[in-house]
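This report refers to the structure that appears directly beneath it.
The values are calculated or read from the model by the stated rules, or taken from the named source; none is laboratory data. Quantities reported herein were computed from a predicted structural model and do not represent experimental measurements. When we count neighbours, we look across all protein chains shown, and the Cβ atoms used for this are built from the backbone with ideal geometry, even at glycine. Keep in mind that these areas ignore ligands, DNA and RNA; they rest on the heavy atoms of the full protein, side chains included. Shrake-Rupley method; radii C 1.70, N 1.55, O 1.52, S 1.80 Å.
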Amino acid sequence: MSEAMTLIAQISDLHIKANGRLSYKKVDTQAALLRVIETLNRLTPRPDIVVITGDLVDFGTAEEYQTLKQALRHLQIPFLLMPGNHDDRKALRAAFPDHHYLQHGETLNWQMQVKGLQLLALDSSVPQQPWGYVDEAQLHWLDEQLQRQPQLPTLVMLHHPPFLCGIEHMDNQPLRNPAALAGIIQRHPQVERVLSGHLHRSVQARFAGTLACVAPGVSHQVAFDLAENGPANFVLEPPGFLLHRWHAQQGMSTHLCAIGDYPGPWPFYDANGLID
(Lines give C-alpha, C1' and ligand atoms only; values in the text may rest on other atoms or scores of the structure.)
Protein backbone atom coordinates (compact mmCIF):
# COMPACT_ATOMS: atom_id res chain seq x y z
CA MET A 1 0.00 0.00 0.00
CA SER A 2 1.17 3.50 -0.80
CA GLU A 3 2.64 5.31 2.19
CA ALA A 4 0.45 8.27 1.18
CA MET A 5 -2.71 6.23 1.94
CA THR A 6 -4.08 4.93 5.22
CA LEU A 7 -7.11 2.61 5.42
CA ILE A 8 -9.14 2.29 8.62
CA ALA A 9 -11.92 -0.30 8.64
CA GLN A 10 -14.69 0.38 11.15
CA ILE A 11 -17.04 -2.37 12.28
CA SER A 12 -19.55 -1.95 15.06
CA ASP A 13 -22.24 -3.50 17.23
CA LEU A 14 -21.21 -7.16 17.16
CA HIS A 15 -23.45 -8.15 20.12
CA ILE A 16 -21.69 -11.48 20.50
CA LYS A 17 -23.52 -14.11 22.53
CA ALA A 18 -21.71 -16.90 24.36
CA ASN A 19 -21.07 -20.07 22.39
CA GLY A 20 -23.07 -19.12 19.31
CA ARG A 21 -26.43 -18.42 20.98
CA LEU A 22 -28.86 -16.48 18.81
CA SER A 23 -29.62 -12.83 19.59
CA TYR A 24 -33.37 -12.13 19.87
CA LYS A 25 -33.80 -15.83 18.96
CA LYS A 26 -33.09 -14.98 15.30
CA VAL A 27 -29.64 -13.46 14.78
CA ASP A 28 -26.45 -15.52 14.70
CA THR A 29 -24.08 -12.72 15.70
CA GLN A 30 -21.05 -15.00 15.92
CA ALA A 31 -21.53 -16.18 12.33
CA ALA A 32 -22.03 -12.56 11.28
CA LEU A 33 -18.70 -11.59 12.84
CA LEU A 34 -16.94 -14.43 11.04
CA ARG A 35 -18.47 -13.23 7.75
CA VAL A 36 -17.15 -9.69 8.19
CA ILE A 37 -13.74 -11.06 9.20
CA GLU A 38 -13.65 -13.11 6.01
CA THR A 39 -14.64 -10.04 3.99
CA LEU A 40 -11.97 -7.86 5.63
CA ASN A 41 -9.26 -10.47 5.16
CA ARG A 42 -9.99 -10.56 1.41
CA LEU A 43 -9.77 -6.80 0.88
CA THR A 44 -7.06 -5.56 -1.49
CA PRO A 45 -5.40 -3.35 -0.45
CA ARG A 46 -5.88 -4.61 3.09
CA PRO A 47 -6.80 -2.07 5.81
CA ASP A 48 -4.00 -0.94 8.11
CA ILE A 49 -6.18 -1.52 11.14
CA VAL A 50 -9.75 -2.44 12.17
CA VAL A 51 -11.52 -0.38 14.82
CA ILE A 52 -14.55 -1.92 16.54
CA THR A 53 -16.70 0.91 17.89
CA GLY A 54 -18.53 -0.73 20.75
CA ASP A 55 -21.23 -3.20 21.74
CA LEU A 56 -18.67 -5.94 21.29
CA VAL A 57 -20.85 -8.41 23.20
CA ASP A 58 -24.47 -8.50 24.32
CA PHE A 59 -24.44 -8.76 28.11
CA GLY A 60 -20.83 -8.07 29.09
CA THR A 61 -20.11 -11.56 30.44
CA ALA A 62 -16.73 -13.26 30.53
CA GLU A 63 -18.11 -16.11 28.39
CA GLU A 64 -19.21 -13.69 25.69
CA TYR A 65 -15.80 -12.02 25.59
CA GLN A 66 -14.14 -15.42 25.23
CA THR A 67 -16.42 -16.20 22.28
CA LEU A 68 -15.49 -12.83 20.78
CA LYS A 69 -11.80 -13.47 21.36
CA GLN A 70 -11.96 -16.84 19.63
CA ALA A 71 -13.62 -15.31 16.57
CA LEU A 72 -11.19 -12.40 16.35
CA ARG A 73 -8.27 -14.85 16.12
CA HIS A 74 -9.35 -15.34 12.49
CA LEU A 75 -8.81 -11.65 11.71
CA GLN A 76 -5.51 -11.18 9.89
CA ILE A 77 -5.44 -7.41 10.48
CA PRO A 78 -4.54 -5.63 13.75
CA PHE A 79 -7.65 -4.47 15.62
CA LEU A 80 -8.56 -1.99 18.33
CA LEU A 81 -11.47 -2.28 20.75
CA MET A 82 -13.87 0.25 22.25
CA PRO A 83 -16.76 -0.32 24.67
CA GLY A 84 -20.42 0.39 24.06
CA ASN A 85 -23.43 0.40 26.34
CA HIS A 86 -23.70 -3.43 26.18
CA ASP A 87 -20.09 -3.90 27.31
CA ASP A 88 -18.51 -4.30 30.74
CA ARG A 89 -15.18 -2.52 31.21
CA LYS A 90 -13.77 -4.93 33.78
CA ALA A 91 -14.66 -8.05 31.78
CA LEU A 92 -13.37 -6.51 28.55
CA ARG A 93 -10.03 -5.67 30.15
CA ALA A 94 -9.72 -9.13 31.64
CA ALA A 95 -10.41 -10.84 28.31
CA PHE A 96 -7.85 -8.78 26.37
CA PRO A 97 -4.88 -8.19 28.73
CA ASP A 98 -2.51 -7.84 25.75
CA HIS A 99 -4.43 -4.76 24.58
CA HIS A 100 -2.45 -2.50 26.87
CA TYR A 101 -4.27 0.68 25.78
CA LEU A 102 -7.39 -0.65 27.57
CA GLN A 103 -5.71 -1.21 30.92
CA HIS A 104 -5.44 2.34 32.28
CA GLY A 105 -7.92 4.66 33.96
CA GLU A 106 -11.56 4.34 34.93
CA THR A 107 -12.87 5.02 31.42
CA LEU A 108 -11.37 3.34 28.37
CA ASN A 109 -10.03 6.30 26.41
CA TRP A 110 -7.03 5.78 24.15
CA GLN A 111 -4.82 7.38 21.51
CA MET A 112 -3.10 5.67 18.58
CA GLN A 113 -1.25 6.86 15.50
CA VAL A 114 -1.53 4.84 12.29
CA LYS A 115 0.59 5.96 9.33
CA GLY A 116 0.11 9.69 9.73
CA LEU A 117 -3.46 9.46 11.03
CA GLN A 118 -4.37 9.92 14.69
CA LEU A 119 -7.13 7.84 16.33
CA LEU A 120 -8.70 9.13 19.55
CA ALA A 121 -11.25 6.91 21.31
CA LEU A 122 -13.67 8.19 23.95
CA ASP A 123 -15.51 5.79 26.23
CA SER A 124 -19.11 7.02 26.16
CA SER A 125 -20.52 3.99 27.99
CA VAL A 126 -22.34 4.48 31.28
CA PRO A 127 -22.62 1.28 33.38
CA GLN A 128 -26.11 -0.25 33.28
CA GLN A 129 -27.47 2.52 31.02
CA PRO A 130 -28.29 2.54 27.27
CA TRP A 131 -27.47 6.22 26.83
CA GLY A 132 -23.99 7.70 26.61
CA TYR A 133 -21.99 10.45 28.28
CA VAL A 134 -18.45 11.83 28.21
CA ASP A 135 -17.39 13.54 31.42
CA GLU A 136 -15.29 16.64 32.00
CA ALA A 137 -12.08 14.67 32.53
CA GLN A 138 -12.57 12.89 29.21
CA LEU A 139 -13.27 16.13 27.38
CA HIS A 140 -10.13 17.68 28.91
CA TRP A 141 -8.12 14.64 27.79
CA LEU A 142 -9.52 14.96 24.26
CA ASP A 143 -8.70 18.66 24.10
CA GLU A 144 -5.14 18.01 25.30
CA GLN A 145 -4.57 15.27 22.73
CA LEU A 146 -5.83 17.48 19.91
CA GLN A 147 -3.68 20.43 21.04
CA ARG A 148 -0.51 18.33 20.98
CA GLN A 149 -0.53 17.65 17.23
CA PRO A 150 -2.72 20.24 15.51
CA GLN A 151 -1.46 19.32 12.02
CA LEU A 152 -2.18 15.60 12.36
CA PRO A 153 -5.43 14.47 10.70
CA THR A 154 -7.57 12.82 13.36
CA LEU A 155 -10.54 10.50 13.78
CA VAL A 156 -12.44 10.95 17.06
CA MET A 157 -14.44 7.84 17.97
CA LEU A 158 -17.12 7.05 20.54
CA HIS A 159 -19.92 4.50 20.61
CA HIS A 160 -22.87 6.90 20.91
CA PRO A 161 -23.41 9.29 17.98
CA PRO A 162 -23.35 12.98 18.93
CA PHE A 163 -26.56 13.73 16.98
CA LEU A 164 -30.18 12.60 16.75
CA CYS A 165 -31.17 10.54 13.72
CA GLY A 166 -34.99 10.64 13.75
CA ILE A 167 -35.49 7.00 14.78
CA GLU A 168 -37.26 7.77 18.02
CA HIS A 169 -36.46 4.72 20.15
CA MET A 170 -32.75 5.18 19.35
CA ASP A 171 -32.90 8.93 19.95
CA ASN A 172 -34.22 8.10 23.43
CA GLN A 173 -30.79 6.61 24.28
CA PRO A 174 -28.43 9.28 22.90
CA LEU A 175 -25.14 10.84 23.86
CA ARG A 176 -26.47 13.16 26.57
CA ASN A 177 -23.93 15.98 26.26
CA PRO A 178 -23.16 16.41 22.54
CA ALA A 179 -22.79 20.19 22.90
CA ALA A 180 -19.87 19.75 25.30
CA LEU A 181 -18.15 17.46 22.79
CA ALA A 182 -18.89 19.88 19.96
CA GLY A 183 -17.24 22.66 21.94
CA ILE A 184 -13.96 20.71 21.82
CA ILE A 185 -14.19 19.41 18.26
CA GLN A 186 -14.98 22.75 16.66
CA ARG A 187 -11.73 24.24 18.01
CA HIS A 188 -9.64 21.62 16.20
CA PRO A 189 -10.05 21.61 12.40
CA GLN A 190 -7.76 18.56 12.05
CA VAL A 191 -10.68 16.35 13.14
CA GLU A 192 -11.67 14.72 9.85
CA ARG A 193 -14.45 12.51 11.21
CA VAL A 194 -16.36 11.70 14.40
CA LEU A 195 -17.09 7.96 14.22
CA SER A 196 -19.75 6.04 16.14
CA GLY A 197 -21.91 2.94 16.18
CA HIS A 198 -25.00 2.27 18.33
CA LEU A 199 -27.65 3.02 15.66
CA HIS A 200 -27.19 -0.18 13.63
CA ARG A 201 -27.55 1.87 10.46
CA SER A 202 -25.28 3.92 8.21
CA VAL A 203 -26.07 7.54 9.09
CA GLN A 204 -24.14 10.78 8.54
CA ALA A 205 -24.59 14.31 9.87
CA ARG A 206 -22.63 17.54 10.03
CA PHE A 207 -21.23 18.03 13.53
CA ALA A 208 -19.04 20.77 14.99
CA GLY A 209 -17.52 21.67 11.60
CA THR A 210 -16.77 18.10 10.57
CA LEU A 211 -18.66 14.96 9.48
CA ALA A 212 -20.08 12.47 11.96
CA CYS A 213 -20.44 8.93 10.56
CA VAL A 214 -22.25 5.96 12.08
CA ALA A 215 -21.32 2.44 11.00
CA PRO A 216 -24.05 -0.09 10.25
CA GLY A 217 -24.40 -3.24 12.32
CA VAL A 218 -22.34 -6.29 11.46
CA SER A 219 -25.42 -8.52 11.79
CA HIS A 220 -28.88 -6.97 12.28
CA GLN A 221 -29.96 -3.40 11.54
CA VAL A 222 -32.39 -1.15 13.39
CA ALA A 223 -35.57 -0.93 11.30
CA PHE A 224 -35.76 2.29 9.28
CA ASP A 225 -38.79 4.06 10.75
CA LEU A 226 -38.97 7.84 11.12
CA ALA A 227 -42.56 7.82 12.38
CA GLU A 228 -43.34 9.40 15.72
CA ASN A 229 -43.56 6.70 18.40
CA GLY A 230 -42.26 4.08 15.96
CA PRO A 231 -41.69 0.64 17.52
CA ALA A 232 -38.27 -0.68 18.49
CA ASN A 233 -37.75 -3.25 15.72
CA PHE A 234 -34.80 -4.80 13.92
CA VAL A 235 -34.46 -6.13 10.37
CA LEU A 236 -32.04 -8.47 8.62
CA GLU A 237 -31.00 -6.00 5.94
CA PRO A 238 -27.60 -6.60 4.29
CA PRO A 239 -24.93 -5.88 6.90
CA GLY A 240 -21.94 -3.63 6.30
CA PHE A 241 -18.96 -1.70 7.58
CA LEU A 242 -17.22 1.60 6.88
CA LEU A 243 -13.81 1.99 5.28
CA HIS A 244 -12.15 5.35 5.93
CA ARG A 245 -9.48 6.23 3.37
CA TRP A 246 -6.97 8.94 4.22
CA HIS A 247 -4.65 10.18 1.46
CA ALA A 248 -2.04 12.84 2.12
CA GLN A 249 -2.92 14.75 -1.05
CA GLN A 250 -6.58 13.78 -1.53
CA GLY A 251 -7.87 13.98 2.03
CA MET A 252 -10.43 11.75 3.73
CA SER A 253 -13.18 9.72 2.09
CA THR A 254 -15.51 7.19 3.70
CA HIS A 255 -16.92 4.15 1.91
CA LEU A 256 -19.94 2.08 2.97
CA CYS A 257 -19.03 -1.54 2.20
CA ALA A 258 -21.25 -4.60 2.10
CA ILE A 259 -20.39 -7.77 4.00
CA GLY A 260 -20.50 -11.04 2.09
CA ASP A 261 -20.43 -12.27 -1.51
CA TYR A 262 -22.52 -10.71 -4.27
CA PRO A 263 -22.69 -11.29 -8.06
CA GLY A 264 -19.89 -9.67 -10.08
CA PRO A 265 -17.69 -7.87 -10.69
CA TRP A 266 -18.23 -7.60 -14.44
CA PRO A 267 -16.54 -5.16 -16.86
CA PHE A 268 -18.37 -2.11 -18.20
CA TYR A 269 -16.37 -2.38 -21.44
CA ASP A 270 -15.07 -5.09 -23.73
CA ALA A 271 -12.37 -4.85 -26.40
CA ASN A 272 -14.84 -3.15 -28.75
CA GLY A 273 -16.10 -0.57 -26.29
CA LEU A 274 -19.26 -0.29 -24.17
CA ILE A 275 -21.17 -3.52 -23.49
CA ASP A 276 -24.84 -2.93 -24.35
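Only one of these is of a type in the set (D, E, K, R), farther than 30 Å from HIS140 by Cβ and not in a loop (DSSP other than H, G, I, E, B): ARG193, ARG245. Name it. One residue alone meets the criteria, ARG245. Of all the residues in segment 44-66, those that are of a type in the set (S, T, N, Q) and buried (at least 24 other Cβ atoms within 10 Å of the Cβ) number 1. Selection of segment 97-136 for residues being among the acidic types (Asp, Glu) and modelled with pLDDT of 95 or more yields ASP98, ASP123, ASP135, GLU136. Selection of segment 107-145 for residues being in a loop (DSSP other than H, G, I, E, B), over 18 Å from the mean Cα position of the chain (by Cα), of a type outside the set (S, T, N, Q) and under 23 Å from GLN173 (Cα atoms) yields PRO127, ASP135.
Considering segment 78-106, and only residues there that are among the aromatic types (Phe, Trp, Tyr) and outside any loop (DSSP other than H, G, I, E, B), the residue that is surrounded by the most Cβ atoms within 10 Å (Cβ to Cβ) turns out to be PHE79.
Residue-by-condition table, conditions (1) out of contact with any strand residue (DSSP E or B) (no Cβ under 7 Å at 6 or more places or on another chain); (2) within 23 Å of PRO216 (Cβ to Cβ):
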| position | (1), (2) |
| --- | --- |
| ASP135 | yes, no |
| GLN147 | yes, no |
| PRO150 | yes, no |
| LEU155 | no, yes |
| LEU164 | yes, yes |
| ILE167 | no, yes |
| ASN172 | yes, yes |
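For segment 67-77, the set of residues classified as open to solvent by 90 Å² or more (accessible area, probe 1.4 Å) and not polar (S, T, N, Q) consists of ARG73, HIS74, listed by residue number.
Filtered by the rule that a residue be under 20 Å from GLN10 (Cα atoms) and among the aliphatic types (A, V, I, L, M), segment 249-276 gives MET252, LEU256, ALA258, ILE259.
Looking across segment 32-64, the residues that are out of contact with any Phe, Trp or Tyr (no Cβ under 7 Å at 6 or more places or on another chain), of a type outside the set (D, E, K, R), in a helix (DSSP H, G or I) and touching a residue at least 40 places away in the same chain (Cβ under 8 Å) come down to ALA32, LEU33, LEU34, THR39, LEU40.
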